[in-house]
1. Of all residues in the range 190-199, count the ones that are in contact with a strand residue (DSSP E or B) (Cβ under 8 Å, 6 or more places away or on another chain) and surrounded by fewer than 21 Cβ atoms within 10 Å (Cβ to Cβ).
2. Of the residues 204, 212, 242, which is surrounded by 15 or more Cβ atoms within 10 Å (Cβ to Cβ) and over 17 Å from residue 173 (Cβ atoms)?
3. Could you go through the range 43-57 and let me know if any residue there is surrounded by 15 or more Cβ atoms within 10 Å (Cβ to Cβ), within 17 Å of residue 101 (Cα to Cα), among the hydroxyl-bearing types (Ser, Thr, Tyr) and in the same structural domain as residue 101 (by TED's automatic domain parsing).
4. Go through the range 86-114 and report how many residues are under 22 Å from residue 189 (Cβ atoms) and touching a residue at least 60 places away in the same chain (Cβ under 8 Å).
5. Exactly one condition in (1) surrounded by fewer than 17 Cβ atoms within 10 Å (Cβ to Cβ); (2) at pLDDT 95 or above; (3) under 18 Å from the mean Cα position of the chain (by Cα); (4) not in a helix (DSSP H, G or I) is false for residue 81; which is it?
6. So which residues in the range 14-47 are of a type in the set (Ser, Thr, Tyr) and under 23 Å from residue 213 (Cα atoms)?
Amino acid sequence: MGTTEVAGTPERVVVLDTGELDAALALGVTPVGAVRTDVSHALPSYIEDAGVDASDIAAVGTIAEPDLEAIAALDPDLILSNAVRHAEVYEQLSGIAPTVFAESIGESWQENVLLAGEALGRADEAQDLLDEHAARAAEVGALFGDPAATEVSVVRFLDGTLIRLYGEGSFIGSVLADVGFARPDVQRTAETFVEISPEQVTQADGDLLFHAAYGEEGATASGQVTAGPLWGSIPAVADGRAFEVDDDRWFLALGPIGADLVLDDLEELAGRL
């Protein structure tokens, strides 16, 4: 969004998306305020799973509708978000405090961590986090022998009409690529996801299949689809190679804490295969 001058080291930071929340916490900065998703009044559960205390982070609206008055009331000295979510309110936000936006989300999560690190005065720490992620991802990949010989399918249920197959251009696609996995043909796309209908769910097959549900509607849809005959006919499902995963850490995290928890899941799975 141009140039932003951040004076000194920010101490009262407000974050307006889950990627910025993850990055700040990973860098040792607890925001004074953060938005919630549109399906929960709580922060993503994976934060607690990682042992991070986020109990004092005030709510400032939702990702879709940040509460500008609540943000201003916290007297922040830095606001972190991205142009994908909040380009339309950049001027209002920058009138409250210096505001730094990432250009994109998903696959660009590592670039966004570096940007957040620069804005927070913790650039070296941000690079260290990414170096540690790359090293651990390679270690986890080695647990699967030749990970490039394994096609991993990623499925997310949103509601009764939409199912997403996540592509290489997503956060989870990036993490899987770091591990070294291959992807099924339909998911070899720079797009974040490909949408299919429940009637097309057999396209979700892979050597390994991971699936999750977003919110209550997603959970309902997941229950309906996974109980149906089409789901059961998918070879990965029939052969016991389909695994339910936590939606918060695989899809909402968009940062190093979530990525590390995904690697935890994959490491645990490698020990069972």
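1. Restricting attention to the range 190-199, the residues satisfying the condition of being in contact with a strand residue (DSSP E or B) (Cβ under 8 Å, 6 or more places away or on another chain) are 192-198.
Filter once more, so that each one left must be surrounded by fewer than 21 Cβ atoms within 10 Å (Cβ to Cβ): 192, 194-198.
So the answer is 6.
2. 242
3. no
4. Number satisfying all stated conditions: 7.
5. Answer for residue 81: the failing condition is (1).
6. Taking the range 14-47 first, the residues of a type in the set (Ser, Thr, Tyr) are 18, 30, 37, 40, 45-46.
Of everything in the range 14-47, those that are of a type in the set (Ser, Thr, Tyr) and under 23 Å from residue 213 (Cα atoms) turn out to be 18, 37, 40, 45, 46.
Yes/no per residue for (1) among the hydrophobic types (A, V, I, L, M, F, W, C); (2) within 18 Å of residue 10 (Cβ to Cβ):
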{"site": "69", "(1), (2)": "no, no"}
{"site": "78", "(1), (2)": "yes, yes"}
{"site": "94", "(1), (2)": "no, yes"}
{"site": "98", "(1), (2)": "no, yes"}
{"site": "104", "(1), (2)": "no, no"}
{"site": "107", "(1), (2)": "no, no"}
{"site": "110", "(1), (2)": "no, no"}
{"site": "117", "(1), (2)": "no, yes"}
{"site": "126", "(1), (2)": "yes, yes"}
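The values are calculated or read from the model by the stated rules, or taken from the named source; none is laboratory data. Keep in mind that what you see is a predicted model, and the values were worked out from it rather than measured. Because the Cβ atoms are built from the backbone with ideal geometry, glycine has one as well, and the counts that use them run over all protein chains shown.
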